[in-house]
Amino acid sequence: MALEETLYTHLTAINEAFEEVDGELPARLERVRSFARTAVHSVAPGEDNSVEGICKRIDKLRDAKTAADFAYDFGETVAVNDANEEEAAGVRRLQMRSHDVQRWLAVHAAALTAIIGGQPETVIPIRAEDNWNIQTTAAQVVEVLTAAIERGAVLLYYGANLKAAVRAAEDPTTVDIVNGWPFDPVAEE
């Protein structure tokens, strides 16, 4: 592997590790993060326009969109912040990075346990991206997380269809792999 490819691989891994960090970092780590974000573009390999190269880019786009915050309208369900202030939750975003998904699985399991135990109205709070705790019932938790799972399935299916189009195209570079994705957070705002 050429030096540039090795550097690119390692800088990409460093950037991905920083994406998993919540909150502020010590100044020295913030400098590392800033360097890695900038440097990765300096050593990025040229774009691979082979069918497999384009399909790999589709996978990366799909994974990034799957890991993007999930917006859900909680309506009038009460949300409580850390100062114990209350308001109607309305639309809130839930973080969906890989380590967040692990937490959602635990919340989902608790909700299912309550429902199976005959207590679907048990409050199991969901913590939104803005750090407000939405006072959801077990039944609501299952509803919300089912919608998040469905979003992931739709993105997976869309990506698979794009890859099929790339493989079928006479010139795979003519397939627009960037625009038209469902649940595009940029288009929704």
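Overview of results
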quantity	calculated
Gaussian network model of the chain, springs between alpha carbon atoms under 10 Å - residue of Gly152, Gly46, Gly23 with greatest fluctuation	Gly23
Carbon and sulfur %, accessible surface of the chain computed with the full protein complex present, 1.4 Å	56 percent
Charge sum, other residues only, whose C-beta stays under 13 Å from Ala88's C-beta, Lys/Arg counted +1 and Asp/Glu -1	-4
Cα-based Kirkwood hydrodynamic radius, region 1-100, one decimal, Å	16.8 Å
Backbone N under 20 Å from the Arg103 label point (7 Å along Cα→Cβ), restricted to region 1-36	16-26
Selection of GluC sites (Glu not before Pro), region 12-110, meeting DSSP coil and at most 10 other Cβ within 10 Å	Glu20, Glu24, Glu47, Glu76, Glu85
Cα gyration tensor shape for region 98-189, rounded if a/c is under 1.5, else prolate or oblate	prolate
Amide H partners (placed H, <5 Å) of Met96, local residues excluded	Asp69, Phe70
Proximal charge balance of Pro172 [Cβ under 15 Å; K/R count +1, D/E count -1]	-3
Most fluctuating residue given options Asp100, Asp48, Asp22, as computed from a GNM of the chain linking Cα atoms under 10 Å	Asp22
Point-charge dipole on Cβ atoms (K/R +1, D/E -1) for region 79-142, about Cα centre, debye to 20	340 debye
Rounded, prolate or oblate (a/c below 1.5 giving rounded, otherwise prolate when a/b exceeds b/c) for the chain by Cα gyration tensor	oblate
Leading residue at positive end of dipole, the chain (Cβ point charges), from His108, Phe35, Ala71	Phe35
Unit charges on C-beta of K, R, D, E only; dipole of the chain, Debye	540 debye
Note, ³J(HN,Hα) from phi for region 137-144, Karplus 6.51, -1.76, 1.60, rounded to Hz, x at Gly and Pro	7, 4, 4, 5, 4, 4, 4, 5
Whole-Hz couplings from phi, Karplus 6.51/-1.76/1.60, listed for region 10-23; x for Gly and Pro	6, 5, 5, 4, 5, 4, 5, 5, 5, 5, 7, 8, 9, x
Inter-label distance for Ala27 and Lys56, nm, one decimal - labels placed 7 Å from Cα along Cα-to-Cβ	3.9 nm
Gain upon complete extension [Val154, Glu4; 0.36 nm per residue less C-alpha separation]	50.4 nm
Inter-site label distance for Glu47 and Glu16 at 7 Å from Cα along Cβ, in nm	2.2 nm
Karplus-derived 3J(HN,Hα), 6.51/-1.76/1.60, for each residue of region 166-183, Hz, glycine and proline x	4, 5, 8, 6, 5, 10, x, 6, 7, 7, 7, 9, 9, 8, x, 5, x, 6
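The values are calculated or read from the model by the stated rules, or taken from the named source; none is laboratory data. Note that the structure is a prediction, hence the values are computed from the model and not measured. Because the Cβ atoms are built from the backbone with ideal geometry, glycine has one as well, and the counts that use them run over all protein chains shown. The accessibility values were calculated without ligands, DNA or RNA, using every heavy atom of the protein model including side chains. Shrake-Rupley method; radii C 1.70, N 1.55, O 1.52, S 1.80 Å.
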